[in-house]
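**Q** I have a structure I would like to understand better, so I am pasting it below and will then ask my questions one at a time.
Only the coordinates and a few stated rules stand behind these numbers; no lab work does. What you are looking at is a predicted structure, and each value in this text was computed from that prediction instead of being measured. Here the Cβ positions follow ideal geometry from the backbone for every residue, glycine too, while neighbour counts run over all protein chains shown.
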Amino acid sequence: MNDQQNKTATKSLKISSRFFYVVNTVTKVFLTAALVPAILVFMLSVYRYAFTSGYNYGLEIGVRETENYYLGEIQEINNKAVTTYEIVEGKPPAPVPTRNPSLIINVSWGGPELWEEVNQKRVEYGVGTLDQRDELCTIASLRLNELLELGRLDGHEGFGNLQENRPDLEWIFEKYGTIAEFLVAGAETATEAVDLWDNTLGHKKLLTGGEYVWGCTYAQNGFGVAIAAF
């Protein structure tokens, strides 16, 4: 009787152990199956966060660098100015709008270099060189001194008022049918000064205008004044 009970108890214990083993195994499988997607979701979230953060950071750096680049370009453009002003006998003055004026800079080129570059460019355009006239050099010299005192371009105010302020120079304006003033500032070389004129509408006329026969240029500290007449 006791042996039979022992056998029964042993059998029940084995069954119970197998049951718990199966339950434990099933539980592990279930937990593993549940944890794998959770882990994948977590890893995906971490990856997405890292990718988004890196992308946004890179985008911010790129935008900042792009803005700084174009702001630098704009500043450089604003530091170079060109403008022209024409006085035609019997007609009101016709100024051409100017960009922001530049400050005085230290450069090695002056009037002679500018004169050479202007005439060289005119030859390239097939209109011939300008002949220098002393009275036009007088105007160019006066205007350059005015601009250097201001440290900026004046919108041709000094040129437009020259006849009124300097009646002793009236005869010069009476001598020529048209006298035009071309200004440049901020150019580091005479070549750059001519390029600025060459690449702006209205000022290019100094270089391509075959009607202009006489002229003179004065320059100093990045400022250039060209007076042309016919």
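**Q** I need the peptides 207-216, 188-197 ranked by packing, meaning the mean over residues of other C-beta atoms within 10 angstrom, with the highest value on top.
**A** Packing order, densest peptide first, comes out as 188-197, 207-216.
**Q** Net charge within 12 Å of Cys216 by Cβ-Cβ distance, Lys/Arg positive one each and Asp/Glu negative one each, not counting Cys216 itself?
**A** Summing Lys/Arg as +1 and Asp/Glu as -1 gives -2.
**Q** Tell me, what ³J(HN,Hα) does each residue in segment 201-217 have, in order and in whole Hz, if you take phi through Karplus 6.51 cos²θ - 1.76 cosθ + 1.60 with θ = phi - 60° and put x for Gly and Pro?
**A** 5, x, 6, 4, 4, 4, 9, 10, x, x, 5, 6, 10, 10, x, 6, 10
**Q** Another one. Between Phe230 and Leu169, how many nm apart are label points set 7 Å from Cα along the C-beta direction?
**A** 2.3 nm
**Q** Taking the Cβ of Glu113 as the centre, find all other residues whose Cβ is under 14 Å away and add up their charges (Lys, Arg: +1; Asp, Glu: -1).
**A** Local net charge: -4.
**Q** Oh, and also: Contour minus end-to-end for Glu116 and Thr208, with contour as 0.36 nm per residue of separation and end-to-end as the Cα-Cα distance?
**A** 31.6 nm
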